[in-house]
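> What follows is a structure written as structure tokens; I'll ask about it next.
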Amino acid sequence: MNRAAGIRLLDTTLRDGEQAVGVVFTPREKAQIATFLAEIGVPAVEAGFPALGLEEKACIRAVVDAALTVDGGSRDGRPLEINGFARARREDVADAAECGVDGVVISISTSDAHVERKFRARREWVLRQVEEAAAEAKAHRLSFTISAEDASRTDLAFLVDYYRLARGLGACMVRYCDSLGVEDPYTCYRRIKYLRKAIASSDAEGASGDSLPIEMHMHNDFGMATANVMAGIRAGAGSVAASIGGLGERTGNSPIEEVVMALKHLYGIDLGVNTARFREVAEYVAQASQRAIPIWKAIIGTNVFAHESGIHADGILKNPASYEAFSPEEVGLQRQIIIGKHSGSKVLMHKFRAEFGIDLEPEAAGELLERVRAAAVELKRPLFGKELRLLYNELGQGGE
Ligand SMILES: [Zn+2]
């Protein structure tokens, strides 16, 4: 792909992330997370849902205040763009304006399943709601994104009408939500491509579709959130909403670290984020949300660069690129050579030489390996350095 520029990244850890069941951030935590995001070069955030009440408003104000003091990070001093989330109601938009945000995301469901069964209303009513809310945003001089909740299950013809209305109202962006996480990348690609064309052709002045970007907001119920984002980008989407570690409703959103790294390494699109701090930021969010980072989590998990099996570990020692798609330093992790049931003698010899200064003879390494494997099976885990030394001493060759 050759679209190096023009893709915006918006983090929604503070809004959709906090909607994950049981997750609560304090104003200080929200401000700290926003500061981290600004420092690593994420240009925009959704800071929260102001209509929730006074506490949430205090949180969003804390983010607004914190972002003002960020000294640029890797983003050349540009301030963090802070958005509030609002239902398509005048009062929600007014609540957002009160918090001093830069913009507001105006959201309403567009699928018949939601419009008819959730709202007990008709499509026409949805359009009128959006007009009202947009008028309120304009009255407060807020930039606004018009979001289609449940867009992936929405009739395409109506979605075109909806996005064309948004364009007419002066929206800076439209959002495409896979709220139930039920889209697959092929369908996603086709629909975004169609919508891009349809929005562009609606412009009487003949401006390109780039003038109204589509933002991807994808959930992970079938494990396809990041894949769908990639499909959307390939089809011409101009923005991605994502969250740290994928924190969000139910199975979560597309994880920001996956989106940034996949765009960089698979599509050659560098969003200018300082990825070396991903692990650090994720650890803070894990602590604040009380949701541990799974050790196998793509991009930031502790074990992403841990190698045990003999063939892999030997390959890594010869050339890390044998089994690593990118280097651990790029995301703030470290490479680990683990000794356990699946290890081979070459790696064991390397480990002893590098970490203990002991040159194992091949025969001794083979014998030690037998004991290592037996111990790993018994303990159901790899062995620590101390345990390896102990087994070595038991061979009767230690004694130094
Ligand atoms: Zn969502």
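> Cα axis of helix 256-266 to longest principal axis of the chain: angle in degrees, 0 to 90, nearest 10?
80 degrees
> If you wrap a convex hull around the alpha carbons of the range 111-268, what volume per residue comes out, as a whole number of Å³?
That works out to 119 Å³ per residue.
> Taking amide hydrogens as modeled 1.01 Å from N in the peptide plane, which residues meet the under 5 Å criterion relative to ILE108, leaving out close sequence neighbours?
Under 5 Å from the amide H of ILE108 lie the amide H atoms of SER147, GLU149, each far enough along the sequence or on another chain.
> Which percent of the accessible area of the range 40-194 is formed by carbon and sulfur heavy atoms (probe 1.4 angstrom)?
Roughly 50 percent, rounded to a whole number.
> Could I ask something else about it? Label points 7 Å out from Cα along the Cβ direction at ARG28 and ASN393: separation in nm?
Going from the ARG28 label point to the ASN393 one covers 4.5 nm.
> At 222 nm, what value in deg cm²/dmol follows for the chain if DSSP H runs of at least 4 each add -39500 (n - 2.57) and the sum is divided by all its residues, to the nearest 500?
It comes out at -13000 deg cm²/dmol, rounded to the nearest 500.
> Averaged per residue, what accessible surface does the range 302-394 expose to a 1.4 Å probe, in Å²?
57 Å²
> Oh, and also: Quick one: check the C-alpha center-to-center distance for the range 225-240 versus the range 259-275, whole angstrom.
First find each Cα centre; the distance between them is then 13 Å.
> For Cα pairs less than 8 Å apart in space and 6+ apart in sequence, what is the mean separation divided by the residue count of the range 302-394, i.e. the relative contact order in percent? Numbers along the way, then the final one.
Working: 101 pairs, mean separation 24.7, N = 93.
Taking the mean separation of contacting Cα pairs over the length of the range 302-394, I get 27 percent.
> When the convex hull of the C-alpha atoms of the chain is computed, what volume per residue in Å³ does it have?
Output value, Cα hull per residue: 160 Å³.
> Same structure again: For the range 302-394, compute Rh as the Kirkwood radius over C-alpha pairs and then the Stokes-Einstein diffusion coefficient at 4 °C and 1.567 mPa s; write the answer in µm²/s, rounded to an integer. The partial results should precede the final answer.
Numbers: Rh = 13.6 Å.
Translational diffusion coefficient: 96 µm²/s.
> Picking from PRO294, PRO79, PRO213, which is most flexible by a Gaussian network model of the chain using Cα springs under 10 Å?
Between PRO294, PRO79, PRO213, it is PRO294 that shows the largest mean-square fluctuation.
> Here's a follow-up. Just to be sure I understand the model, the point goes 7 Å from the Cα along the line to the Cβ. What's the resulting GLU329 to GLU98 distance in nm?
Each label point lies 7 Å from its Cα, and together they span 5.0 nm.
> Taking the solvent-accessible surface of protein heavy atoms with a 1.4 Å probe, what is the per residue accessible area of the range 1-64 in Å²?
For the range 1-64, the per-residue accessible area is 37 Å².
> Would you calculate the separation in nanometres between label points at TYR186 and THR302, each defined as 7 Å from the Cα along the Cα-to-beta-carbon direction?
Placing both labels 7 Å along Cα→Cβ, they lie 4.0 nm apart.
> Under the 0.36 nm per residue contour assumption, what length would be gained going from the current alpha-carbon distance of LEU52 and ASP155 to full extension?
34.1 nm
> So for the chain, averaging the separation of alpha carbon pairs under 8 Å that are six or more residues apart and normalising by length, what relative contact order in percent results?
Averaging sequence separation for qualifying contacts and normalising by length gives 14 percent for the chain.
> Ignoring ligands, DNA and RNA, what percent of the 1.4 Å accessible area of the range 259-315 is carbon and sulfur?
On the way: 1420 of 2580 Å².
The value for the range 259-315 is 55 percent carbon and sulfur by accessible area.
> Looking at the chain, how many pairs of lysines come closer than 25 Å at the Cα, when each pair is eight or more places apart or spans two chains?
17
> Moving on. How much length would be gained if the chain were fully extended between PHE222 and ARG123, taking 0.36 nm per residue of separation minus their Cα-Cα distance, in nm to one decimal?
The PHE222-ARG123 span can extend by a further 32.8 nm.
> Continuing with the same structure: Order 243-253, 91-101, 184-194 from most to least packed using the mean count of other Cβ atoms within 10 Å.
Going by the mean number of other Cβ atoms within 10 Å, highest first, we get 243-253, 91-101, 184-194.
> Report the Cα centroid-to-centroid distance between the range 156-204 and the range 328-388 in angstrom, as an integer.
One Cα centre to the other: 53 Å.
> In square angstrom, what is the accessible area per residue of the range 113-178 with a 1.4 angstrom probe?
Values: 2990 Å² over 66 residues.
Per-residue accessible area for the range 113-178 comes out at 45 Å².
> If I take R0 = 51 Å and measure r between the Cβ atoms of GLU131 and GLN287 in this structure, what FRET efficiency does the formula 1/(1 + (r/R0)^6) give, to the nearest 0.05?
Approximately 0.75, to the nearest 0.05.
The values are calculated or read from the model by the stated rules, or taken from the named source; none is laboratory data. Keep in mind that this is a model prediction, so the values were computed, not measured. Cβ: placed from backbone, ideal geometry, glycine included. Neighbour counts: every protein chain shown. All accessible areas refer to the heavy atoms of the entire protein, side chains included, with ligands and DNA or RNA removed. Shrake-Rupley method; radii C 1.70, N 1.55, O 1.52, S 1.80 Å.
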